[in-house]
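The values are calculated or read from the model by the stated rules, or taken from the named source; none is laboratory data. A quick note: this is a predicted structure, and the numbers were derived from the prediction, not measured. For neighbour counting, all protein chains shown are included, and Cβ atoms are generated from backbone atoms with ideal geometry for every residue, glycine included.
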Amino acid sequence: MVKRRTADERSISTDEAASLAVAPGESARPMRRRRLSRRTIRENVAGYLFLLPWLAGFLAWLAIPMGVSIYLSFTRYNLFKPPVWQGLVNYRELFLDELVLKSLANTSYYTFIGVPIYTVVALGVAVLLNQKVRGISIFRTIYYLPAIVPAVAGTLIWMWIFNPDFGLANMLLKGLGLPPQRWLYDIQQAKAVLIFMSIWGMGPTMVLFLAALQNVPKELTEAAYIDGANAWQRFVHVTFPMISPVTFLNMINGFIASFQIFTPAYIATSGGPANATLFYVLYLFRVAIQYLDFGFAAAMAWLLFFIILVLTLLQIYLSRRWVYYEVAPD
Amino acid sequence: MVETAGGARRQAHFRNGIRTLVVYVLMIALAVAMMLPFVWMVSTALKARGAEFTYPPQWVPDPVKWGNFREALTSLPFHLFFRNTLTITLANVVGTLIVASMSAYAFARVNFFGRKFWFRVVLATMMLPSVITMVPNYIIMTKLNWVDTFLPLTVPSILGGGAFYIFILRQFFAGIPRELDEAARMDGAGHLRILFQIILPLAKPALASVAVLSFIANWNEFLYALIYLDSMEKKTLSIGLRLFQTQYVTRWNLMMAASTVVVLPVIAMFFFAQKYFVEGVALTGLSGR
C-alpha cells in the first residue's frame, strides 16, 4: 500500500488503522497515533502468563546457574569456604591436567568412532525394515526395546555377558575355538566394548531413519529404476540424498549425546582399566562431587560446552556439502 | 533359449521370493540378537548359586530358583526404590504435561512480543550440555536444603526443562486449524478455555507421546538421582540397582534377578503404550522441518 506523506498531512498506516478498529464490546476511541491496543496488551499478558512457569524455571535453573557457573569457573570453591577468585588458573589447568586430556581423548575415540558405526547400523536396519514385507511393526518394537531399559540394568546385563571368566561372549569364543578376551578389563578393548553396547540401543535412531525412508517419494526411486539404476545406485543417488536431513540430525544428536556419556562407564568400569574408559563427564562428575573442586568442574563444563558448540557448528557448515533439502528449511 | 513373458515373470517371482526370505532371515536374526541379552538375564536370574558359571551355557536353568527374586528384592529396600521412582516419575510426567502444554500453546497460538525470541531460547536449551548447570545447581540445592529430597529431581525439570516436549507440542498445536480457535473465540472463549476445551482434546496423540517419553526418561534417570539422593529411603530403582551391584559383586544370579525387576515395569509400560512411543519419536523427528 502506498503511503504518501506531506508536511501538513498525517496519514495512518494499515497497522494503525487495524489497531484503531473497534472490536465488539470495546468502546470507540478518539483517533490518535497508538500502537498498543487493549487487545495487544491482553495478548502479551496472556502469552507471558502461559509462558511463566517455564520462564521462571528457565531463569532459576538455567540462566542464573549458567551465570553462576561462569563466575565459579574463575574461582576456587569447595562449598565450605567462600569462593576465591583465581582468574584464568582453572582454564590453564584444564590443558595441563593429564586426566582432562586423557578423558578428552577417550571421549573423542568413543564419539568419532562410535557415532558413525552406530548411525550406519541404524540406517542399515532401517533399510532392512523398509523392505515391503509384513510384520514390520513387530520388529520395530523389538528393536526399540533395548533403548528404553534403564541404563544401569542394560549395562549390568552386558557386563555379565562380557564377563572374562564366565560370560556368554567368552563361552561363545570358546565354542568357536578362539581364545577368551578380557573385554572390559582390557585397556585396548574396553572402549570398543562400550561402543558395541551402545549399538544395542539404536532403536530410536533407526525408527527416525525408517520414517524418513518411508517418506521418500516412490516416483523418484521408480524413475531411477526405469533409467537402469541398480539398488545400490538408487540408494546412493536418490534415497540417501532424500533422507540426508534426518541423517544430519541423527549425527548431530549422536555426537552431542556420545560426547556426554556417563552411566555405562560409571557402572561397568568406573573409568578403568587404567583410565581407558575415563570419559569427560565421568571425570567432571568425579571432580565436582567427589573432590568438591567446583571451580575446576565449572571450567571443565564450559570447555565441554565450547567443544560441543564447535563440533556442531562444524557439522552445520559441512552439511551444506552433502545435505539436500527438498524444501528450504525454515 | 526363448524367453517368454511367462518365464520372465516366473523368474522375477522367484527372485522376489528369495529376496523376501533373505529379508525375513536377517530381521529374525537381528531380533534374536537384540533380545538375547534379556533372555540371558532372566535365565541367569533363575539359576542356583554357582550354576551361572557352567559351560556350555545353560539356557533353561535346572533347578529354577524363583527364590532368587525374593532374596534380591529383600536385601535392599526395593519396594521403597520402586515407590520413590514412581513418585518422581509421575510428578514429572504430570507437571511436564501441564507446563509444556501451556508453553507450547503460548508459542503456537498467542501473539506476544518476543515470541520468536523465546522459542529460539527454548530450542537452544535443548542443545545445552546438562553438566553446565550441574555444579551451580548442586550448590543452590545444598543452600536450599533440597539435597536428599525429590525436589531437585522434579522442580527444575518441570519448570524450565522439557524443551523437547514443548517443541513437540508446539509443532502439533500449530497444526491444528485456527478456525476452531476462532469459532470458540466468537462464542466468547478466552485463551485458557481454548487451550483446555479445543486444543488439548485434539492433541491427545501428542500428549500421550510426551507422557510416555517423559515417563521413560524419568524412570531411567541416573546421574541426578545419584548426586542428590543420599539416604536409603530416598533412592530410586537405578541407584538401588547400582548399590546392589557394589554389594553383590560376583553374585550374578542375584544381580540379574534385581535387573529383571528393574527392567520389567518399563517393558510392560512399553508394550502397553508402544503406539505412542514409536509414533512420538517419528512425529518429532520429522516435524522439525
Going through region A:179-199 in order, the residues found to be β-branched (Val, Ile, Thr) and either assigned to a helix (DSSP H, G or I) or in contact with a Cys (Cβ under 8 Å, 6 or more places away or on another chain) (or both) are A:193, A:195, A:199
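Could you pull out the residue among A:156, A:123, A:99 that is over 24 Å from residue B:44 (Cα atoms), buried (at least 18 other Cβ atoms within 10 Å of the Cβ) and of a type in the set (A, V, I, L, M)?
Details: A:156 fails: over 24 Å from residue B:44 (Cα atoms); A:99 fails: buried (at least 18 other Cβ atoms within 10 Å of the Cβ).
Matching residue, one of A:156, A:123, A:99: A:123.
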Residue A:94: assigned to a helix (DSSP H, G or I), at pLDDT 95 or above, of a type outside the set (D, E, K, R) and more than 30 Å from residue B:94 (Cβ to Cβ), yes or no? no
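Quick one: how many residues across region B:133-147 are farther than 19 Å from residue A:55 by Cβ and either surrounded by fewer than 15 Cβ atoms within 10 Å (Cβ to Cβ) or facing chain A (nearest Cβ under 8 Å) (or both)? Outline the logic, then answer.
From region B:133-147, those farther than 19 Å from residue A:55 by Cβ are B:134-135, B:138-139, B:141-147; that's our starting set.
Filter again for either surrounded by fewer than 15 Cβ atoms within 10 Å (Cβ to Cβ) or facing chain A (nearest Cβ under 8 Å) (or both), leaving B:134-135, B:138-139, B:142-145.
Within region B:133-147, residues that are farther than 19 Å from residue A:55 by Cβ and either surrounded by fewer than 15 Cβ atoms within 10 Å (Cβ to Cβ) or facing chain A (nearest Cβ under 8 Å) (or both) number 8.
Consider residue A:274 carefully, then state whether it is more than 22 Å from the chain's Cα centre (by Cα), assigned to a loop (DSSP other than H, G, I, E, B) and at pLDDT 90 or above.
Numbers: more than 22 Å from the chain's Cα centre (by Cα): yes; assigned to a loop (DSSP other than H, G, I, E, B): yes; at pLDDT 90 or above: yes.
It is true that residue A:274 is more than 22 Å from the chain's Cα centre (by Cα), assigned to a loop (DSSP other than H, G, I, E, B) and at pLDDT 90 or above.
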Selection from region B:224-254 of residues that are outside any loop (DSSP other than H, G, I, E, B), farther than 18 Å from residue B:80 by Cα and without any contact (Cβ under 8 Å) to a residue 60 or more places away in the chain: B:246
Count, please, the residues in region A:128-177 that happen to be without any contact (Cβ under 8 Å) to a residue 60 or more places away in the chain, outside any helix (DSSP H, G or I) and either under 23 Å from residue A:205 (Cα atoms) or at the interface with chain B (Cβ under 7 Å from one of its Cβ atoms) (or both). 8
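I'd like to know if region B:171-183 contains one or more residues that are outside any helix (DSSP H, G or I) and either on the phi > 0 side of the Ramachandran plot or crowded, with 17+ Cβ neighbours inside 10 Å (or both).
The initial filter retains those residues of region B:171-183 that are outside any helix (DSSP H, G or I), namely B:175-177.
Checking the rest, the ones that are also either on the phi > 0 side of the Ramachandran plot or crowded, with 17+ Cβ neighbours inside 10 Å (or both) come to none.
The answer is no, given that none of the residues of region B:171-183 is outside any helix (DSSP H, G or I) and either on the phi > 0 side of the Ramachandran plot or crowded, with 17+ Cβ neighbours inside 10 Å (or both).
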Considering only helices (runs of 4 or more DSSP H) fully contained in region B:1-111, which possess at least 1 residues that are at the interface with another protein chain (Cβ under 8 Å from one of its Cβ atoms) and surrounded by 14 or more Cβ atoms within 10 Å (Cβ to Cβ)? B:5-45, B:78-109
Is there any pair linking a residue in region A:66-85 that is assigned to a strand (DSSP E or B) to one that is among the hydroxyl-bearing types (Ser, Thr, Tyr), with Cβ under 6 Å and at least six apart or on different chains, and which? A:84/A:75; A:85/A:75
Residues of region B:3-57 classified as farther than 23 Å from residue B:245 by Cβ and not aliphatic (A, V, I, L, M), total: 17
Can you list residue pairs whose Cβ atoms sit under 9 Å apart, with the first residue in region B:140-157 being in contact (Cβ under 8 Å) with a residue 12 or more places away in the chain and the second being among the basic types (Lys, Arg)? Count only pairs 6 or more apart in sequence or on different chains. B:148/B:234; B:149/B:234; B:150/B:234
Enumeration of residues in region A:248-271 that are under 23 Å from the mean Cα position of the chain (by Cα) and assigned to a loop (DSSP other than H, G, I, E, B): A:260, A:261, A:262, A:271
